[in-house]
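What follows is calculated from the coordinates using simple rules that are stated; it is not laboratory data. Quick caveat: nothing in here was measured; it's all calculated off a predicted structure. Cβ coordinates were reconstructed from backbone atoms using ideal geometry, including for glycine residues, and neighbour counts include every protein chain displayed.
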Amino acid sequence: MPTHTNGGPGALNSIGVGLKRKVEADLAACIGCHECLQACPVAGPELRIADLNAATVGIIPPSDVIRRFVWECFQCGRCVPACPVGLERDAMVLWQKSNLYPRPKAYADQLRLMGGGGGVARRAEQSLLNLQARPRLKGLAQHVDKRTLRAADTLFFFGCNIFSETGTAAKVLALADYLGCNYEVLGGMRSCCGWPHLLSGDLARSEELMDHLFGRIQAAAPREVVTIGAECYTALKRLVAVKGEAFMPVTTASWIRRNLHRFPIKQVADPLTFHDACHISRKLDEGEEARRILRQFGYLIEMPQSGGNGVCCGYHQFEVNPAQVVHLRKKRLAMARQTGAGTMVVECVRCLEAFAPLADEAGVRVVDLVDLVHDAVKDDSRMKPQPVHFTSPITQGRKGPIPAEGA
């Protein structure tokens, strides 16, 4: 199989070694039934499984059709349950991404400022971004790319998502303040989780950023790390699997559900429906946490999930084919509207960014799960609950700020 050994996107770091082994085994077991491509939201009828397999192992050079397919794949994973023998076509395509050159300019444009390192020019651009975003971020600005982290029970890891104009990060911290949580915050481009880079096929850069993130998390020695992004959560899960269980990765939905008895509940008049984030629901099978919360806030109507109808937001296509992902997003919103629900709830900030701009045209409201709880807290006139803390054994006995790796 083709590999790169020059330290570029296809270099065989530990992620690449594992991926290569997985792909070799899956390709050997492929029966060529074409079911994976029929379930794929971006594969066209001209794409043949035999050609795709041959190009993956380097028997033939990738055609223009294959190259376009590989770059447009946003790793939603719909191909995996479609395979009758349980293979992971998304991993095969990711391997191809790591070995295809030249990379689309859209990929570079999207990832350019994500992550630390990269020399003086990158750091200068990141510093300028931080300065420009400061008025909009308000209180969040103090947490962007800060050099020291305080030891805390809970670390809210926002990474690049701290800049999201959805305001989700600030709302999560408002909920934490309402509960009186002992927490610290890690956010900014220089603490990017590296998962977008992995989804782009840049395996070496991805691992570099994940290792950097792990070092920063260790500085705060939290018991749990809570994140608002599905991709960030997946990266945290991998870190725990590889590095050992130094902390517990937690989705915002899981954190809210654990504290739901301490939050007010504000009933939503119109029925709700729920959009599953690919990486949380389809790939990690953890979509039930959000649903348990939604059933407390209103009547939940499920969108059809069978027959490949679980449409992804397509965020990590990196705008290679904008018209294509907009079409898919409109399709998903139409499905939400057809349920009779007035609101489609998401649990990932990237999904919210993808769907919200199209919501008015579709006639359905799009909100994050955090929004429902935040609205209830904002309107609550009761006395705030007493804080409940739990402490990591690592942080016991520590006082004051803990030096962290330089941002």
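What to note about this one:
- Based on the convex hull around the alpha carbon atoms, the chain presents an average projected area of 20.2 nm².
- The residues ILE280, ILE301, when put in order of fewest to most other Cβ atoms within 10 Å, stand as ILE301, ILE280.
- Here the label points at LYS384 and GLU125, each 7 Å from Cα along the C-beta direction, are separated by 4.0 nm in the simple model.
- Overall dimensions of the stretch 234-277 by Cα: Rg and Dmax, Å: 15.3, 45
- Among ILE265, ILE256, ILE49, a tally of other beta-carbon atoms within 10 Å of each Cβ gives an order, fewest to most, of ILE265, ILE49, ILE256.
- Proxy reagent accessibility, fewest Cβ within 10 Å first, across ARG332, ARG78: ARG78, ARG332
- Within the chain, helix-based [θ] at 222 nm, where runs of 4 or more DSSP H residues each add -39,500 (n - 2.57), nearest 500: -13500 deg cm²/dmol
- Fraction of alpha-carbon pairs over 12 Å apart in the stretch 331-384 - percent: 65
- THR343 long-range amide H proximity, modeled H, under 5 Å: THR273, ARG365
- The spacing between the stretch 106-129 and the stretch 165-231, judged by their C-alpha centroids, is 17 Å.
- Intensity falloff of the stretch 265-378 expressed as log10 I(q)/I(0), Debye formula with alpha-carbon point scatterers, at q = 0.13, 0.16, 0.17, 0.20 Å⁻¹: -0.45, -0.69, -0.79, -1.10
- Three principal axis extents of the stretch 85-209 based on alpha-carbon atoms, in descending order, are 48, 42, 26 Å.
- The reciprocal of the average 1/r between distinct C-alpha atoms defines the Kirkwood hydrodynamic radius, which for the stretch 14-102 equals 12.9 Å.
- Within a Gaussian network of the chain (alpha carbon springs, distance under 10 Å), most fluctuating of GLY229, GLY287, GLY244: GLY244
- Of LYS22/LYS331; LYS146/LYS171; LYS283/LYS331, those spanning more than 23 Å from alpha-carbon to alpha-carbon: LYS22/LYS331
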